[in-house]
1. I'd like to check something: does the range 100-114 contain any residue that is in contact with an Asp or Glu (Cβ under 6 Å, 6 or more places away or on another chain) and aliphatic (A, V, I, L, M)?
2. Any residue in the range 207-219 that's outside any loop (DSSP other than H, G, I, E, B): show its pairings with residues that are modelled with pLDDT of 90 or more at Cβ separation under 7 Å, as long as the two are six or more apart or on different chains.
3. If you check every pair at least six apart or on different chains, which have Cβ atoms under 8 Å apart with a residue in the range 142-156 that is basic (K, R) first and a residue that is part of a strand (DSSP E or B) second?
4. Identify, please: which residue in the range 4-48 is β-branched (V, I, T), under 22 Å from the mean Cα position of the chain (by Cα) and under 17 Å from P60 (Cβ atoms) and is, among those, modelled with the lowest pLDDT?
5. Scan the range 165-172 and tell me whether some residue there is touching a Leu at 6+ places or on another chain (Cβ under 7 Å), surrounded by 13 or more Cβ atoms within 10 Å (Cβ to Cβ) and touching a residue at least 40 places away in the same chain (Cβ under 8 Å).
6. Out of all the residues in the range 112-124, which are open to solvent by less than 10 Å² (accessible area, probe 1.4 Å) and assigned to a strand (DSSP E or B)?
7. State yes or no: is K142 closer than 19 Å to Y172 by Cα and in a loop (DSSP other than H, G, I, E, B)?
8. Could you please let me know if T220 is under 29 Å from V101 (Cβ atoms) and not small (G, A, S)?
Amino acid sequence: TVYQGHINKMHYYESILVTEVKWVGNDKLIAKMTDRSSDILDVIAVDVKKQKTDVVRSEPSNGSWWEITHNTMHIPRNEAKGRSNDGYVDLKPVDGYNHLVYFPTINSTDPIILTSGKWEVVLGPISFDEQLERIYFQATKKSSNERHIYYVNINRPRVIQDVTDTSKPGVYGVTFSSNSKFALLTYQGPKIPYQKIISLDPKDDRDSKKDIVGNKIGKTLYYLEENE
């Protein structure tokens, strides 16, 4: 019912798809809506307490279509870090490539572009370290045939830092602990696959570099699987 007033106005759609709903704070959320052909993407800001909706973005696909994603990430307000409002990080085309963009408030229309270039962020943001203000993501930055892990600081847009070793070919996956201080790093090839737990706390970044395999930062705590 919260969306009904907006949906009634969308007479130019034969049918409506609500492709993603994401809480942005305790009483606000955003909803992404499109038609069946994904020609137009509407982003709706919802104030649940006031039962109010606002269309904050209505964007045509410009002859293409909108990819359906489900990885929009809430960036919580933190006065100590200079964030006075709840915001979110989304995936959006930048010069034809999917990249991370930051909307500082739920009603923002012009995002801060966090990544750019002739490569793509895969699926969207993976994890946010609120203390270090790092957004971790997987991307094709080195090669379209490889998947490496990177991070960007939310206050230093477009300054991309390697997490995995991009000097060697690799396909990596990763999952994070709730505070983003620990990660399960999965190396999937082209050499023998392995899985290991790493610490991304800066105080643990003094691990002997000769002992690090796969990750350029952090400390290897132990291997879950080495496939010897």
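The values are calculated or read from the model by the stated rules, or taken from the named source; none is laboratory data. What you are looking at is a predicted structure, and each value in this text was computed from that prediction instead of being measured. Note that we place each Cβ from the backbone using ideal geometry, even for glycine, and neighbour counts take in every protein chain shown. Only protein heavy atoms, including side chains, enter the accessible area calculation; ligands, DNA and RNA are left aside. Shrake-Rupley method; radii C 1.70, N 1.55, O 1.52, S 1.80 Å.
1. Step one: list which residues in the range 100-114 are in contact with an Asp or Glu (Cβ under 6 Å, 6 or more places away or on another chain), which gives 101.
Those still in the list that are aliphatic (A, V, I, L, M) too: 101.
Yes - at least one qualifying residue is present in the range 100-114.
2. D211/T220; N215/V163; N215/T164; N215/D165; N215/L185; N215/I198; K219/I198; K219/S199
3. The qualifying pairs are K142/H148; R147/V122; R147/Q138; R147/A139; R147/V171; R147/Y172; R147/G173.
4. Going through the qualifying residues, I end up with I40.
5. We begin by selecting, within the range 165-172, every residue touching a Leu at 6+ places or on another chain (Cβ under 7 Å); these are 172.
If we keep only those that are surrounded by 13 or more Cβ atoms within 10 Å (Cβ to Cβ) as well, we get 172.
Filter once more, keeping what is touching a residue at least 40 places away in the same chain (Cβ under 8 Å): 172.
Yes, there is a match, as at least one residue in the range 165-172 is touching a Leu at 6+ places or on another chain (Cβ under 7 Å), surrounded by 13 or more Cβ atoms within 10 Å (Cβ to Cβ) and touching a residue at least 40 places away in the same chain (Cβ under 8 Å).
6. The answer is V121, G124.
7. Working: closer than 19 Å to Y172 by Cα: yes; in a loop (DSSP other than H, G, I, E, B): yes.
It is true that K142 is closer than 19 Å to Y172 by Cα and in a loop (DSSP other than H, G, I, E, B).
8. Spelling it out, it is not the case that T220 is under 29 Å from V101 (Cβ atoms) and not small (G, A, S).
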